[in-house]
1. Between the stretch 68-109 and the stretch 156-204, what's the alpha-carbon centroid distance in Å?
2. Let me know the Rg and Dmax you get for the stretch 1-87 when you use only its Cα atoms, in Å.
3. Percent antiparallel among DSSP beta bridges with both residues in the chain, to the nearest 5?
4. What percent antiparallel are the DSSP beta bridges of the stretch 44-174, to the nearest 5?
5. Would you mind getting me the FRET efficiency between residue 189 and residue 212? Use the beta-carbon distance for r and R0 = 41 Å, nearest 0.05.
6. Take the chain, compute every pairwise Cα distance, and split them into 10 Å bins from 0; I just need the percent in each bin.
7. In terms of the Cα gyration tensor, with a ≥ b ≥ c the square roots of its eigenvalues, is the stretch 121-233 rounded because a/c is under 1.5, prolate because a/b exceeds b/c, or oblate?
8. Sticking to Cα atoms, compute the Rg of the stretch 49-138 to one decimal and its Dmax as the biggest Cα-Cα distance, whole number, in Å.
């Protein structure tokens, strides 16, 4: 199944160069279906109910994926015989809805690992809310396991996010998104996240911005060799 999703990256990148506005519209229209396809790869923990909610916050401004308030979250709802065993995954559309299916894999897989953590040790997961070190350890574990997937999924998430911000906010917004990936993400919230963008990728973005040609950034990723680290999720 992972290989099937990787095969879709080539299609997504072609649309990024030729049909971008239609590409964003199609991704938003298919968002629910794409999320369901990814979630279907990982059955819920035994005896647990997992609810998935996708929405935007009720703010008076448009939230972009580099803004602080674009976070998603996996929350423990109940964990006793009387109250039941339930987990809620909140997916923030501001950071995810415009992404294609392969670009969603990295982010959705990360949240599904949190689901597993919450079910495995509810007390520890609940304590992470008030303990930065426990929270960081949970993020480190989630990130390390997501890295077992092809790095192409991270690349597609980065590429689409930066180009989306360029299309709807120009170079200044694209730069904010690139800076988020390159310098801010790893220290966000409790910490423990991987750097989203490599130095080489960041320099490719700066070159594109200097020459005022976003296709330079897109073509940089098209020139990368594909590497599949795992045959399954």
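1. Value for the Cα centre distance between the two parts: 20 Å.
2. 17.3, 55
3. So the antiparallel bridges amount to about 50 percent of the total.
4. If I count the DSSP bridges inside the stretch 44-174, around 50 percent turn out antiparallel.
5. Working: r = 34 Å, r/R0 = 0.82.
So the FRET efficiency works out to roughly 0.75.
6. The distribution over the chain is 7, 32, 38, 18, 5, 1, 0, given as percents.
7. Numbers: a/c = 3.02, a/b = 1.65, b/c = 1.83.
Oblate, because a/c is 1.5 or more while a/b does not exceed b/c.
8. 14.2, 42
Just so you know, all these numbers are worked out from the coordinates, no wet-lab data involved. Bear in mind the structure is a predicted one, so any value in this text is a computation, not a measurement. In this analysis, Cβ positions are derived from the backbone assuming ideal geometry, glycine residues included, and neighbour counts consider all displayed protein chains.
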